[in-house]
Amino acid sequence: MQSQVSNFQVESSFSISSAEELTQCFRLRDQKKLVLPDGLKFPFNVRSYFTWKESSGVYTYLVFKMPNWDMPKGVAFKRTPSTGEPVGGLCSWCHAYGTSEDIGFLSVAMSANVSSSYLICHDLRCIEKIEENAMLAGKNPEKNIADLYHKMSKLFENISNYKAE
């Protein structure tokens, strides 16, 4: 069996050396609601991105870095509570299917009065789901991972380019 040579250049590994450095990845508005995970040991290395939920489940945090960025960037997503019976949904980032317990609206505060919502996996395990599905299908996950990183980078671009009217 021939081995495939990977030319995947989108993934970025980075390390976080302290709680202060992790906090500095986030916008000031997100730093106010930041709850660091218990038992996190510094320094730690990150492959692609780092995510966690705070204990109440209201906020899910994402720290991400593209290769051309100087520093990783972070964002706090607020979970929009689902109402009614659980329904199925499709993550707009990784295209995984799940119930409203797994996939739903996570919003990002753009200002005090404006937010953007994304229909995505609540746990943000998108890269793991892409890799698992590709392995089961016997396919290469690189294109889907590159698409995921593009969508994540667009999220951060939208946040940084937002101008209140």
Legend entry - Sole exception among (1) in contact with a strand residue (DSSP E or B) (Cβ under 9 Å, 6 or more places away or on another chain); (2) of a type outside the set (D, E, K, R); (3) touching a residue at least 24 places away in the same chain (Cβ under 8 Å) for Val114, by number: (1)
Legend entry - Asn161 being loosely packed, with under 13 Cβ neighbours inside 10 Å and under 23 Å from Ser13 (Cα atoms): no
Inset, instruction - Could you look through the stretch 80-104, keep only residues that are in contact with a Lys or Arg (Cβ under 8 Å, 6 or more places away or on another chain) and of a type in the set (Gly, Ala, Ser), and pick out the one that is modelled with the lowest pLDDT? - result: Gly104
Inset, instruction - Tell me, yes or no, whether the stretch 67-81 has at least one residue that is within 25 Å of Ile16 (Cβ to Cβ) and polar (S, T, N, Q). - result: yes
Inset, instruction - Please enumerate the residues belonging to the stretch 69-90 that are among the hydrophobic types (A, V, I, L, M, F, W, C) and touching a Phe, Trp or Tyr at 6+ places or on another chain (Cβ under 8 Å). - result: Val75, Ala76, Phe77, Leu90
Legend entry - Whichever residue in the stretch 126-158 is under 18 Å from Asp30 (Cβ atoms) and of a type in the set (A, V, I, L, M, F, W, C) and, among such residues, is surrounded by the most Cβ atoms within 10 Å (Cβ to Cβ): Met152
Legend entry - Enumerated strands (runs of 3 or more DSSP E) restricted to the stretch 21-125, each holding at least 3 residues that are among the hydrophobic types (A, V, I, L, M, F, W, C) and surrounded by 11 or more Cβ atoms within 10 Å (Cβ to Cβ): 59-64, 73-79, 103-109, 115-121
Inset, instruction - Can you confirm whether the stretch 67-75 contains a residue that is among the hydrophobic types (A, V, I, L, M, F, W, C), touching a residue at least 60 places away in the same chain (Cβ under 8 Å) and in contact with a strand residue (DSSP E or B) (Cβ under 7 Å, 6 or more places away or on another chain)? - result: yes
Inset, instruction - State yes or no: is Ile120 in contact with a strand residue (DSSP E or B) (Cβ under 7 Å, 6 or more places away or on another chain), touching a residue at least 12 places away in the same chain (Cβ under 8 Å), closer than 18 Å to Gln31 by Cα and of a type in the set (A, V, I, L, M)? - result: no
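The values are calculated or read from the model by the stated rules, or taken from the named source; none is laboratory data. Model, not experiment: these values are computed from the prediction. Counting neighbours? That spans all protein chains shown, and the Cβs are built from the backbone with ideal geometry, glycine included.
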